[in-house]
Every structure is written in C-alpha cells, then in structure tokens.
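Heads up: the structure comes next, in structure tokens.
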Amino acid sequence: MTENMISTEDKFSPDVSLSRDDVHHRYELRVGGKIAVQSFFRDLPGHVDFLHTDTAEDFKGQGLGKVLAHFALDDVVASGKRIIPHCPFISSYLRAHEGGYEQHIDWPDN
C-alpha cells in the first residue's frame, strides 16, 4: 500500500441532513449534527423572502451552500409560493439557474 492509498478502514459516510426550521425562520444543512449552512427567510403571504445565507467556516468551499439553495428553492416552489431573493447568495444561485425557477421569482426592487 502506498502512502496515497485509502485503507479499507477509511469509509466515506456523510451524515448530511436538510430541513426547514420554521421556529428560527431558516433552512438548514447539517453535517454530523452541526449546522454547516443556513439560509434565513421571512415567510410572507404567497412569498418566501430569502434574507441571508451563512456557511460555517469549517464547511466553506465544499459546495454545500448550493445544495441548500436547491433544497430551499424547490421547497418554496412545491409550496406554491414565490421567491423573493434579497440574499446575495440566493440571488446569485438563481441567476445561474434561472431556467428552473424563472417563473417563480419576484426580483426585489432594491
């Protein structure tokens, strides 16, 4: 076995969960029980207004924010509500993936 080989004892078992936490008004992506990414929102009549997305330092650069964005936006669309992307991260994600969400977005004026 060379130094760069993975031993048979090393296993990749991600403990990742996605959820909507209505008490704290956020969507969460947890890794090993720890909040890795959270996206805060306001639940409005007919809309979900995304305010801010935060990735914990230990989890930055792994693409987890995109996973949470996809989950959260799909959840909003499934609920029949429209998306207001005040959050710069969610806004950027939507601009890159507009084809799938375009008809569900109300872009903010500011």
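The values are calculated or read from the model by the stated rules, or taken from the named source; none is laboratory data. This one's a predicted model, so the numbers in the text were calculated from it and none came from an experiment. Every residue, glycine among them, receives a Cβ derived from its backbone with ideal geometry; neighbour counts consider all protein chains shown.
Take the residues of the stretch 58-110 that are among the basic types (Lys, Arg) and part of a helix (DSSP H, G or I): which is surrounded by the fewest Cβ atoms within 10 Å (Cβ to Cβ)? Filtering first and then ranking leaves Arg95. Taking the conditions (1) surrounded by 15 or more Cβ atoms within 10 Å (Cβ to Cβ); (2) hydrophobic (A, V, I, L, M, F, W, C); (3) out of contact with any Lys or Arg (no Cβ under 8 Å at 6 or more places or on another chain); (4) farther than 26 Å from Gln103 by Cβ in turn, Ala36 satisfies each one other than (3). No other residue among Ser79, Ser39 is without any contact (Cβ under 8 Å) to a residue 40 or more places away in the chain and of a type in the set (S, T, N, Q) apart from Ser79. Scanning the stretch 1-33 for residues that are farther than 16 Å from Val67 by Cα and at pLDDT 95 or above returns Asp21, Asp22, Val23, His24, His25.
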